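Below is one structure; the comments refer to it alone.
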Amino acid sequence: MDEALAAIERFAPVAMAGQQTPGLSVAITDRTKTLRIITLGYANVDAKLPVTPQTRFAIGSITKSMTALAAMQLRDEGKLDLEAPVTRYLPWFSIDSHGRPILVHQLLSHTAGIPDDFSSENSSLYDVVALRAATVLFAPGTSWSYSNDGFGTAGAVVARVDSRPWSASIQHRVFDPLGMTGSAPYFTPQTQATAALGYQWRDNDRPGTLDPPLVPSPVLDFVDPAGSVLSTPEDMARYMRLYLNGGKRPDGTRLISARSFDAMTAADRFSNGKPAGSASVVLDEAPAYYRKYGFGLSVFDDAGDHLIGHTGGVSGYTACMQMNLTRGFGVIAFANHVEAPLHPCAIVLYAMRALKAQSEGTPLPAQPVAPDPALVRNAAEYAGTYAAANGTTLRLVASASRLSLVDGTTTATLYPRDTDQFWTDDPKYPMFLLAFGRDKNKRVVDMTYGSQWFANANYRGPHAFAHPRRWDDLLGRYENTYLGQPYVTRVVIVKNRLTLDGVSPLQPRADGTFGLGTSVVRFDAYAGAQPTRLSIDDTHLYRIDLP
């Protein structure tokens, strides 16, 4: 075990550097005790204040497991029926659910069809109320889609049934019985005073760079059953031991029944018998996360071992947690860095492999090699010369699974961000992603940067495009701030399509609004011909006169 812990400790600085986080904290536990706490870096960079075992971090969406745990206790007490409609406990709750009731357990397993962040306001209860203007993504109990608003609703159910605020219920039902004295269920200036300072991108109005400058996230008030808990590594080690011991507290008494524990830690089922969970990769750094989902917890099978876990990210903090229930160990890592690059899963996943090897008596795994951020396996597909209508040309060069943009005498590396989308740290292209289009034969045929359009030799189609004149008045930058972090989008026209940031097409609707996936986009609050507000469902962004 000493060798395994030493190997994990040696990898921690590598994992921290890969995430580019100012500080990192890791807790490793077995069923009986904390095996190791690792702290690295700074809780406050400017003050050179180091991370210590007492430093609080936000755990983000790991909070969801605590909301589910409180719900299971209420179930054990006979106060909450997981098969009951949500409206039994929240008569005011309303959403267009195609005439089918939403059941409580569907909230806990993301199978209710509730949109994610339909409204992004600082009141989680308002976000639940705002769902009365929403429509489910699918008939409840027929599919899976991650939803913070679903867990906001679950928290409202817990508060109603427990006859106390959600935060008081978590304090009473989770923190107090487990001895989690360093934890808080919400952000306030007082609870954040002993927390690491969260950091976010300074330039969060544009794609990232390899080494983006960071600024502190603001201190704020935040209460949310989907993600507002602050905790320490020792407290979270205590929390993990609850699960490693099958729902029992340190004295052997049960916090939840064996039946409820089994329900929490097994994949919930759709009405068609399929296990709850994502059909696609949710986290690039940890592809297996959320493939199966129980109640507030992801569920894994690792060569016969039963694992559970969750990740979290909020307001300049990220976290990653995983537990092996079969072998009896768990790891959690916290970082004070914005969620966009990565959760701190690299250290957790390596630690879990090392601990399993120790348990099996097999050689410890080698340290993972840091991924190449510029790796483009299909780089040759994008290579070629691209021309704009005004005669401007750009050249894409592929070499050894890397892709470069040649603009005159300047050559810049491209870094993949999403399918057929790249960013570059060339200062000539700071605002938008470079996005590539394909034809029906899947050949790359064109490239866009914001509203600029370039076609290559494969392109067959028009080179001039028309769009409704009224769209010109919609163009511009819109933004708002949520939990202290600015959210910015730019409305631009690409060929004959109105888009957000040049990559997300807005589909015109008969009523004058636009479709964006399953969301509805509206422009209103006009000053003359120009709207001053853009709303995505019930989330509002406002026009600002900046590039």
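A search for C-beta distances below 6 Å between a residue of the stretch 408-420 that is outside any strand (DSSP E or B) and any residue that is among the acidic types (Asp, Glu), counting only pairs 6+ apart in sequence or on different chains, returns nothing. Within the stretch 287-297, at least one residue is hydrophobic (A, V, I, L, M, F, W, C) and surrounded by fewer than 20 Cβ atoms within 10 Å (Cβ to Cβ).
Listed here are the residues, each with its yes/no results for (1) under 27 Å from GLN171 (Cβ atoms); (2) surrounded by fewer than 23 Cβ atoms within 10 Å (Cβ to Cβ); (3) in contact with a Pro (Cβ under 6 Å, 6 or more places away or on another chain).
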position	(1), (2), (3)
MET16	no, no, no
GLN19	no, yes, yes
GLY23	yes, no, no
THR32	yes, yes, no
ILE37	yes, yes, yes
ASP46	no, yes, no
ILE62	yes, no, no
SER65	yes, no, no
ALA68	yes, no, no
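The number of residues in the stretch 192-213 that are surrounded by 20 or more Cβ atoms within 10 Å (Cβ to Cβ) and not in a loop (DSSP other than H, G, I, E, B) comes to 5. Considering only the stretch 144-154, I want to know if a residue exists there that is hydrophobic (A, V, I, L, M, F, W, C) and either touching a Leu at 6+ places or on another chain (Cβ under 6 Å) or surrounded by fewer than 22 Cβ atoms within 10 Å (Cβ to Cβ) (or both). Yes: one or more hits.
Check whether at least one residue in the stretch 474-492 is over 27 Å from the mean Cα position of the chain (by Cα), modelled with pLDDT of 95 or more and within 21 Å of THR392 (Cα to Cα), and report yes or no. No; the residues of the stretch 474-492 include none that is over 27 Å from the mean Cα position of the chain (by Cα), modelled with pLDDT of 95 or more and within 21 Å of THR392 (Cα to Cα). Scanning the stretch 497-541 for residues that are among the hydroxyl-bearing types (Ser, Thr, Tyr), farther than 20 Å from PRO207 by Cα and surrounded by 14 or more Cβ atoms within 10 Å (Cβ to Cβ) turns up THR513, THR518, SER519, THR532, SER535, THR539. What's the number of the condition THR55 fails, among (1) touching a residue at least 60 places away in the same chain (Cβ under 8 Å); (2) outside the structural domain of PHE222 (by TED's automatic domain parsing)? The failed condition is (2). A search for C-beta distances below 6 Å between a residue of the stretch 434-445 that is not assigned by TED's automatic domain parsing to the domain that holds ASP501 and β-branched (Val, Ile, Thr) and any residue that is surrounded by fewer than 17 Cβ atoms within 10 Å (Cβ to Cβ) and assigned to a loop (DSSP other than H, G, I, E, B), counting only pairs 6+ apart in sequence or on different chains, returns VAL445/ASP439; VAL445/ASN458.
The values are calculated or read from the model by the stated rules, or taken from the named source; none is laboratory data. Because the structure is a prediction, the values reported are computed rather than measured. Cβ atoms come from the backbone with ideal geometry, glycine included; neighbour counts cover every protein chain shown.
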